[in-house]
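For reference, the structure is listed below as structure tokens.
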Amino acid sequence: MNIEIKKSIKPINYFNALNLLESRLENLSKNIERELIWTLEHDEIFTAGTSYLENEIIDKTIKIIKTNRGGKITCHGPGQLVCYFVLDLRNKKDIRKFITCIEKTIIDTLKFFKIETFADKDNIGIWYREGNQINKVAAIGVRVKKWIAYHGFAININNNLDQYKKIIPCGISNKGITNLIKIKNNNYSDLENILIKNFILNLKT
């Protein structure tokens, strides 16, 4: 499995990231470039997938960037680890299996930090239960074009959760949003490397 691993230290402009993903997708479809897994952070930005609704914007003063990924409205910002990818599904052609691979990757990674999370077939993402409250800790937004999967997922580590009060995150109003620091005050500096390792491992199965 010949995947390029790219790790960005400084925050990456959202539009530059999307342009790179689109370019890589085209080149991968022509077998010019390799598959890609890319971890990074963005500066604060609200993005909307193809199925969002206007009434999911609570604070009408915020700027929403419309994208061609699946899903609804979410927020990116410092303290959130974003994992983008451009991965070839032409030999497998199984989107559900690929989504399950992403879910397992995040769950396995958080389990390393002794945090038990779960996927929900009705509400995409990774969830953490605390008492009667269920909160999302990771969002997933994937698009498939020419049987190549791109966009990615994001794990909340120590980001500003107040920003989510300005929207109905992912269109789900009866559940909340959390981050890893709120769940368990820990050192998550190894999370990025563990995540990449798990992702590659799960892609092989």
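Each reported figure results from applying straightforward, stated rules to the coordinates on display, with no laboratory input. Bear in mind the structure is a predicted one, so any value in this text is a computation, not a measurement. Counting neighbours? That spans all protein chains shown, and the Cβs are built from the backbone with ideal geometry, glycine included.
Observations on the structure shown:
- Amide H partners (placed H, <5 Å) of Leu89, local residues excluded: Ile148, Ala149
- Here the spin labels are modelled as points 7 Å beyond Cα on the Cα-Cβ line, and at Lys182 and Asn160 they lie 1.5 nm apart.
- In this structure, the amide hydrogen of Ser51, modeled 1.01 Å from its nitrogen in the peptide plane, lies closer than 5 angstrom to those of Gly71, counting only residues at least 5 positions away or on a different chain.
- Cα Rg over Rh - the chain, Kirkwood: 0.94
- For the peptides 58-64, 16-22, the ranking by mean Cβ contacts within 10 Å, running from highest to lowest, is 16-22, 58-64.
- In sequence order, calculated HN-Hα J values of segment 166-171 (Karplus, 6.51, -1.76, 1.60; Hz; x Gly/Pro): 7, 9, 9, x, 6, x
- For q = 0.21, 0.25 Å⁻¹, Debye-computed log10 I/I(0) when each Cα of segment 101-205 counts as one equal scatterer: -1.22, -1.57
- Dipole size of the chain about its Cα centre, with +1 on Lys/Arg Cβ and -1 on Asp/Glu Cβ: approximately 460 debye, rounded to the nearest 20.
- Mean residue ellipticity, 222 nm, helices only, the chain: the sum of -39500 (n - 2.57) across DSSP H runs of n ≥ 4, divided by residue count and rounded to 500, is -8000 deg cm²/dmol.
- Long pairs among Lys145/Lys204; Lys63/Lys136; Lys63/Lys104; Lys10/Lys104; Lys121/Lys146, criterion Cα-Cα beyond 31 Å: Lys63/Lys104
- For Gln133 and Asn68, a Förster radius of 30 Å and the Cβ-Cβ distance give a FRET efficiency of 0.40, rounded to the nearest 0.05.
- In segment 3-204, Cα pairs under 8 Å separated by at least six residues give a relative contact order of 23 percent.
- Computed from backbone phi, the HN-Hα couplings of segment 72-78 come to 10, 8, 9, 10, 10, x, x Hz, rounded to whole numbers (Karplus: 6.51 cos²θ - 1.76 cosθ + 1.60, θ = phi - 60°; Gly and Pro given as x).
- Between segment 75-136 and segment 8-58, the alpha-carbon center distance in angstrom: 17
- Packing-based ranking, highest mean first, of 121-127, 111-117 given that Cβ atoms within 10 Å are counted: 121-127, 111-117
- The Cβ shell under 9 Å around Leu36 holds other residues with a net charge of 0, Lys and Arg each +1, Asp and Glu each -1.
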